[in-house]
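Below is one structure, written out as C-alpha cells; the observations come after it.
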Amino acid sequence: MQQTLSVLVENQAGILNRVTGLFSRRAFNIESLAVGVTDDPSISRITIRVDSGNNVLEQVEKQLNKLVEVIKVRAQEETRYIGRELMLIKVNASTKTRGEIAAIAEIVGAKVDDLTPTSMTLELSDTTERLDAFQAMMRPFSILEVARTGLIALQTGGGKL
Amino acid sequence: MMRTNDTEQQLFHFSMLVDDVPGVLSQVSRLFSQKGYNIQSIVSGRTQEPGVTRITITMLGTQREADQVTAQCYKIFPVRTVKILDEGTSVERELVLVKVCASDQGTRNEIIQLSSIFRADIVDVSRETLTVAILGNDGKVSAFLDLMMGFQVMEVVRTGTLAIERGKHTIYDRNKLQSEYEMAKI
C-alpha cells in the first residue's frame, strides 16, 4: 500500500543520508522522495512515498523521530492532502505529429519547453495519476526521455504540519 | 591543453539513471555528502522504464570536482549512467506548493493576482488560506516566493530542481554537450 510521509528536518549536511539510510537498512521500498527547503532556510521538508503495510509505517515514523535532526513526522491521510508531481518529458516529434502532441498538451495543461525538428520537450505538474495518464498518451509518439520528481504534498484546508 | 575554468564555481546538474533497488539513493547521496560537496538539491523519481530511477543532484562546484564525483558515481553498482547538465544546455524546473494565510478579501485578491501574473495555479482554497502551485526555473520560483514572503506563509514544500537536456539528445546518448565543445577551444 502506498503511503505518504512528510518529514521536517534541520537542514544539515548528511541528514538526507541518515533518512534514506533508515529505509535502505530495512529494505522498505521508497517509491519516490522529494526534498527541498521550506520558508525557513534552516529547515528542509522531505516527502516520501513508501510501499508498505500499516504497522511498518508506524515503526518507520518511530525510527525517524529518533534522529536528532528530525523535527516532525506526519503520515498524510489519503483523502486530505494535495499532492503534486513535476514531469519533464521529451518525445519524438516530426512536422506531422507536432500538432497532435501540442493539442494533447493544451488539453492537460502541459507546456512546451524545447522544440527541435525531431523532438519536443514538455513540462507538466499535476497529480500522479494525471501524470501517468499523460505519459501513456505520449507513448505512441515514442518517448525519448522522462524525468519526474517525487510527490510533494500539503494538507488541504487551513492546517499545517 | 588546460581547461581554463577548472577552479570556477558553476552550477552542475548530475543526471543519473540507477537501478531501482533499496539503498541506492542513500549510497549516491552519501558519496556527495562525504566529500562535503555543496549540494543544492536532490530529486529522485521514475522514468519511462520500470525498475529504473532517475536521480538529479544539483551541485555548486568546480569542473574538477564535477569530474571527480562523476567517476566515483560509476563505482556504485546500481548506477547505470551519469550525465552532467549545466544551465546553458538544459531545461531546469522546480515545483513548489505554498500555503499562505489569506482570510481577508484584500490579501486574497492580491495573492490571486500575483499567481495569475506568474501563471501559478491555486490548488486549494479554505476560509483562512490559499495554496498555490508554481512551476518554473529557479529565477521565476525565487521571485514568486520572495513576493509570497510578504504575506503570512504557513507552509512551503519544494521538489528540488529537475533538469533535462535541451535539444534532441537524451541521457542515453553520449553526445558532447555545448559546454564541452567550448571548453576544448583554447
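No value in this document is a laboratory result; all are computed from the given coordinates. Please read all numbers here as calculations on a predicted model, not as lab measurements. A quick note on method: Cβ atoms are made from the backbone with ideal geometry, for glycine too, and the neighbour counts reach across all protein chains shown.
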- Name the residue, out of A:Leu131, A:Leu144, A:Leu122, that is touching a helix residue (DSSP H, G or I) at 6+ places or on another chain (Cβ under 7 Å) and within 15 Å of B:Thr47 (Cα to Cα). A:Leu122
- Message: Scan the stretch B:26-48 and tell me whether some residue there is surrounded by fewer than 22 Cβ atoms within 10 Å (Cβ to Cβ), within 10 Å of another protein chain (Cβ to nearest Cβ) and on the phi > 0 side of the Ramachandran plot.
- Response: yes
- Note on the structure: Note on B:Lys75: of the conditions (1) within 21 Å of the chain's Cα centre (by Cα); (2) surrounded by fewer than 20 Cβ atoms within 10 Å (Cβ to Cβ), unmet is (1)
- Note on the structure: Note on A:Leu122: of the conditions (1) facing another protein chain (nearest Cβ under 7 Å); (2) assigned to a strand (DSSP E or B), unmet is (1)
- Sort out for me the strands (runs of 3 or more DSSP E) sitting completely within the stretch B:94-171 that have 2 or more residues that are more than 7 Å from chain A (Cβ to nearest Cβ) and within 18 Å of the chain's Cα centre (by Cα). B:129-136, B:162-165
- Query: Does B:Ile55 fit the bill of being touching a residue at least 60 places away in the same chain (Cβ under 8 Å) and closer than 21 Å to A:Thr47 by Cα?
  - Reply: no
- Query: If you go through the stretch B:122-142 one residue at a time, how many are over 21 Å from B:Ile164 (Cβ atoms) and surrounded by 18 or more Cβ atoms within 10 Å (Cβ to Cβ)?
  - Reply: 6
- Message: Residues that are free of Cβ contacts under 8 Å to residues at least 60 places away in the same chain, buried (at least 16 other Cβ atoms within 10 Å of the Cβ) and closer than 16 Å to B:Glu165 by Cβ: does the stretch B:1-12 have at least one?
- Response: no
